[in-house]
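See below for the structure under consideration.
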Amino acid sequence: MPATQVLPWPLVKRAPQRAFPVRTLQQLLRARQYSLSVDGIFGPDTEAAVKAFQQSRNLGVDGIVGPQTWPKLVVQVKRGDRSDAVRGVQEVMKFHDQSDGEGPAIHVDGIFGPITDNWVRGFQTAVGIDSDGIVGPITWRALVSGM
C-alpha cells in the first residue's frame, strides 16, 4: 500500500479521558527525554511536554499533536532496539490485542524482540505496507492512526 493509502496522522490534544494513542505519544515523548508518566491521559504534563517539544523543533506551539508534530516526534525502531519508543509500539500492540490470552503475552518492556518483530511484520502486511519489521514514519502513521 502506498503511504497515501495509510490513514492520516491523528490529531491528539488535551482531554480528560483516556484515549488512544496517548500512551504511545507519552512513550515517544519519553524517548525524546521528556520526563512524564505514561498514564494514557493527555493532561497538563503531557501538554507541557508536547509544547516544549514543538518549541524545540521550531513548530507551531499549540500543544496539539498532528501532521506537523508526529513526523518530528516518531523514532525509528527495529528488532534489537531497547527504548521508550519500542514501548510506544508495544502500547499499540496491547491496545489491538484481541487474543483473549490465547496469543503470546504482550509485555510493554521496551525490548524489540521476536514477539514485537512478528507483530510489526504482521501489522505491516495487514495494512499493505512493506513488511520489513522496521517501524519508520509510514508504519508509525499507520500505528497511531488506528489502522
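Only one of the numbered conditions (1) closer than 22 Å to ILE129 by Cβ; (2) open to solvent by 60 Å² or more (accessible area, probe 1.4 Å) is violated by ARG82, and that is (1).
Within segment 45-76, the set of residues being hydroxyl-bearing (Ser, Thr, Tyr) and within 18 Å of LEU7 (Cα to Cα) comprises just one member, THR69.
Got at least one residue in segment 50-71 being within 23 Å of THR116 (Cβ to Cβ) and open to solvent by 20 Å² or more (accessible area, probe 1.4 Å)? Yes, that holds for at least one residue.
Looking across segment 12-48, the residues that are open to solvent by 30 Å² or more (accessible area, probe 1.4 Å) and touching a Pro at 6+ places or on another chain (Cβ under 8 Å) come down to ARG14, ILE41.
The values are calculated or read from the model by the stated rules, or taken from the named source; none is laboratory data. Predicted model only: the values in this text are computed from it and were never measured. Virtual Cβ from ideal backbone geometry, glycine too; neighbours counted across all protein chains shown. Each accessible area value is taken on the protein alone, full model and side chains, heavy atoms only, with ligands, DNA and RNA left out. Shrake-Rupley method; radii C 1.70, N 1.55, O 1.52, S 1.80 Å.
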